[in-house]
1. Could you list, ordered by first residue, the pairs with Cβ atoms under 8 Å in which the first is in the range B:54-78 and more than 22 Å from B:V114 (Cβ to Cβ) and the second is aliphatic (A, V, I, L, M) and surrounded by fewer than 17 Cβ atoms within 10 Å (Cβ to Cβ), at least 6 apart or interchain?
2. Identify, from the list B:V48, B:V44, B:V26, the residue that is open to solvent by 60 Å² or more (accessible area, probe 1.4 Å) and either modelled with pLDDT of 95 or more or within 14 Å of chain A (Cβ to nearest Cβ) (or both).
3. Please specify each residue of the range A:180-194 satisfying the condition of being in contact with a Lys or Arg (Cβ under 8 Å, 6 or more places away or on another chain) and either of a type outside the set (A, V, I, L, M, F, W, C) or free of Cβ contacts under 8 Å to residues at least 60 places away in the same chain (or both).
4. Among the residues of the range A:178-198, which ones are part of a loop (DSSP other than H, G, I, E, B) and open to solvent by 20 Å² or more (accessible area, probe 1.4 Å)?
5. Tally time: how many residues in the range A:119-168 are touching a residue at least 12 places away in the same chain (Cβ under 8 Å) and part of a helix (DSSP H, G or I)?
6. Looking at the range A:195-224 only, could you name the residues that are within 14 Å of chain B (Cβ to nearest Cβ) and either without any contact (Cβ under 8 Å) to a residue 40 or more places away in the chain or hydroxyl-bearing (S, T, Y) (or both)?
7. Mind listing just one residue for me: the one in the range A:78-99 that is within 21 Å of A:N160 (Cα to Cα) and in a strand (DSSP E or B) and, of those, most open to solvent (accessible area, probe 1.4 Å)?
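The values are calculated or read from the model by the stated rules, or taken from the named source; none is laboratory data. Note that the structure is a prediction, hence the values are computed from the model and not measured. Neighbour counts are summed over all protein chains in view; Cβ atoms, including those assigned to glycine, are modelled from backbone coordinates with ideal geometry. Heavy atoms of the whole protein, side chains included, go into the accessibility calculation; ligands, DNA and RNA do not. Shrake-Rupley method; radii C 1.70, N 1.55, O 1.52, S 1.80 Å.
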Amino acid sequence: MEVKLRIKRYDSERDEKPHWQEFTVEAEPTDRVLDVLLHIKSYIDGTLVFRRSCAHGICGSDAMRINGLNRLACKTLVKDVSSPIEIEPLNGLPVIKDLIVDMQPFFEKFRIVKPYLVNDETPPPVEWRQTPEERERFDDTTKCILCASCTTSCPSFWTNREYLGPASLVQAHRFIFDSRDRAAAERLDVVNAREGVWRCRTIFNCAEACPREINITKAIGQLKKALVYNRF
Amino acid sequence: MTDRFVMSRARPSSNFELATWLYMRVSGVLIAFLLLGHIVVMHVLHHVDEVDYSFAAGRLANPFWRIYDLVLLGLVVSHGVNGARIVIDDYVRSHGLRTLLKTALWTVGILFLVVGAFVLFTFQPVTG
């Protein structure tokens, strides 16, 4: 089948503003949008740039805006999106070139919630034990692949770049509700700040955008609830 | 880490946003019930033809309704002002404009409260 694409092109070193470029390629309905992009880069226009690494929905490199929704190009089939397929870089992060955005602001907000296990106690002889119920509590938020689809789909983040954003709150949730972790109080302090959890307006764009289907808005709700019980 | 973010994080930890978030939920529920009571009295129990000056004056003669209206006024103004404050925080990035808008907002809010409370406390029915 013939597939039409409209891709937003921009080179921060040369262009004043972005422009749309159209491509028409032959593709199978079961091809992924990533395959089509790779075809364009290999055979039509080598100057088109985008990130991709594993190409199997695990590394989270190829998140982009496809027909207005944030998705992974490697998990989106051509037959599932209407033609012309409009492809743009993620919204809310500075564009470096074409579909590549500067992820630095995103990872700063990721680091700020201490996204690692903190426990200074002497480890038990074999391993830290956890009941299935204790594990279940944060199971959903362990699935994050840091693709930034959620944060860059969030209108609160678009209007306020200081907002921690859903991805960062997902990481906070993952460790705050982990029974083996000991730094919940510190993380709750961070998410309780003005630019933390209270900027969330429960718009649900994040939950809709997440390629791992994490119920992010619910996780943020649990953080708010934890703060209410923790502070009052 | 950018300096900007480190700075915003270094602000003294306060539960203000948490408290106002909770207040919005509690006041919202209270307002819903109080408004329901208001609508039932004004529009269900009494036909629209009955609701005139003397009806309103009669209601205000009862201290219960004065307190009821005062509570409703306080809740509605604070709920509304806080909601608008959050919208300003969300959308206005310029520090100066933000301060200006919030000052205007609080001024108008307090003015509404004062005028409303003044009427509720000092209302005397005009006869004849």
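1. none
2. Details: B:V48 fails: either modelled with pLDDT of 95 or more or within 14 Å of chain A (Cβ to nearest Cβ) (or both); B:V44 fails: either modelled with pLDDT of 95 or more or within 14 Å of chain A (Cβ to nearest Cβ) (or both).
B:V26 is the lone residue from the list that is open to solvent by 60 Å² or more (accessible area, probe 1.4 Å) and either modelled with pLDDT of 95 or more or within 14 Å of chain A (Cβ to nearest Cβ) (or both).
3. Residues satisfying the conditions are A:E186, A:R187, A:N192, A:A193, A:R194.
4. Narrowing the range A:178-198 to residues part of a loop (DSSP other than H, G, I, E, B): A:178-183, A:192-196.
Result: A:S179, A:R180, A:R182, A:A193, A:R194.
5. Selection size over the range A:119-168: 15.
6. Correct list: A:E195, A:G196, A:V197, A:W198, A:T202, A:G221, A:K224.
7. To start, the set of residues in the range A:78-99 that are within 21 Å of A:N160 (Cα to Cα) comprises A:88-96.
Filter once more, keeping what is in a strand (DSSP E or B): A:88, A:95-96.
Values: A:E88: 26, A:V95: 43, A:I96: 76 Å².
Applying the filter and picking the extreme gives A:I96.
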